[in-house]
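The structure appears right after this line, and notes come after that.
The values are calculated or read from the model by the stated rules, or taken from the named source; none is laboratory data. This is a predicted model, so every value here is computed, not measured. Here Cβ is always computed from backbone atoms with ideal geometry, including for glycine, and neighbour counts include all displayed protein chains.
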Amino acid sequence: MDEWIDYYDSTHTIYVSKLHRDRHFAVIARDIAGYITSPDAVVLDYACGEALSAGRVADACALLYLAEPAPGVRGRLIARFAPNTKIRVRSLEDVRKMAENSVDLVVMNSVAQYMTPDELDTAFATIKRILKPSGRFVLGDILRPEVGMFRDVLALLQFAARNGFLKDALIGLISTALSDYRELRTRVGLQRYSEDEIKERLAKSGFSASRALHNIGHNPWRMTFVARQPITTT
Ligand SMILES: C[S@@+](CC[C@H](N)C(=O)[O-])C[C@H]1O[C@@H](n2cnc3c(N)ncnc32)[C@H](O)[C@@H]1O
């Protein structure tokens, strides 16, 4: 859904303050780094957003690809990480051209909700092709059908209280209620999947997946899945 890509390329107010944005990306980087099992790993962050703390992920692996569809965000990523020789910035078109069996870990966090089911299947097929047979695909922040916006608000307020930006979060929630985000969320909507639906979708794409104990990021009502290539015996 291109409208969501345009939204993320705009000067949106999804992060209520600089502190919120910084803490958000610090937590995401910590959680992604937790999935890296070897300093030799090649890692791909699929639709990474601003990825402000990607340096921390790069510290834990050999090579980090930051892939992002929004051209403005991508331009900032290129400028921000130019000095870091372990980081390469790519478009999603570039990702489709990456070599087969070349990546150890792919993370797609908080992205599936903005894709149509067909776009998601196409992304799964690309990821399956570029993942090494021993590789893992971590799919995070999946929204469930039965969990509504109230839990998102609660999760943000809890995160804000823990990190010292509660006042900004309360003000931010009011501006979000009046913003393009609210309008898009109502008009275009977000894709939601139950645990069984997303596992089935991953299985149709050739992955075997299990739900992780904890979701990536701050929202415990959303789900993360770890998908692997099936073991082949010869
Ligand atoms: C909420 S941000 C998540 C960024 C980052 N992965 C994180 O966890 O903070 C959503 C990301 O999805 C991307 N996006 C939106 N619609 C998309 C689509 N239809 N296909 C691929 N990516 C999309 C946006 O450009 C943005 O980078």
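Considering only the range 60-93, state which residues are surrounded by fewer than 15 Cβ atoms within 10 Å (Cβ to Cβ), away from the ligand (no atom under 13 Å from the Cβ) and in contact (Cβ under 8 Å) with a residue 24 or more places away in the chain.
Listed by number, the residues that qualify are Ala62, Asn84.
Name the residues in the range 18-32 that are touching a Ser or Thr at 6+ places or on another chain (Cβ under 8 Å) and within 10 Å of the ligand (Cβ to nearest atom), would you?
Selection gives Phe25, Ile28, Ala29.
Enumerate the helices (runs of 4 or more DSSP H) found wholly within the range 144-234, keeping only those where 2 or more residues are basic (Lys, Arg) and modelled with pLDDT of 90 or more.
149-163, 195-204
Quick one: would you say Asp45 is part of a helix (DSSP H, G or I), at pLDDT 95 or above and within 13 Å of the ligand (Cβ to nearest atom)?
Answer is no for this residue.
Considering only residues that are of a type outside the set (A, V, I, L, M, F, W, C), surrounded by 15 or more Cβ atoms within 10 Å (Cβ to Cβ) and either in a helix (DSSP H, G or I) or within 12 Å of the ligand (Cβ to nearest atom) (or both), which ones fall in the range 97-120?
Asn109, Ser110, Gln113, Tyr114, Glu119
Sort out which residues of the range 23-42 are buried (at least 16 other Cβ atoms within 10 Å of the Cβ) and either at pLDDT below 95 or charged (D, E, K, R) (or both), and write them in order of number.
Result: Arg23, Asp31.
If the requirement is being modelled with pLDDT under 95, touching a Lys or Arg at 6+ places or on another chain (Cβ under 7 Å) and either assigned to a helix (DSSP H, G or I) or within 11 Å of the ligand (Cβ to nearest atom) (or both), which of these qualifies: Tyr15, Tyr7?
Among Tyr15, Tyr7, only Tyr15 is modelled with pLDDT under 95, touching a Lys or Arg at 6+ places or on another chain (Cβ under 7 Å) and either assigned to a helix (DSSP H, G or I) or within 11 Å of the ligand (Cβ to nearest atom) (or both).
Given the criteria within 13 Å of the ligand (Cβ to nearest atom) and touching a residue at least 12 places away in the same chain (Cβ under 8 Å), does Arg56 qualify?
Spelling it out, it is not the case that Arg56 is within 13 Å of the ligand (Cβ to nearest atom) and touching a residue at least 12 places away in the same chain (Cβ under 8 Å).
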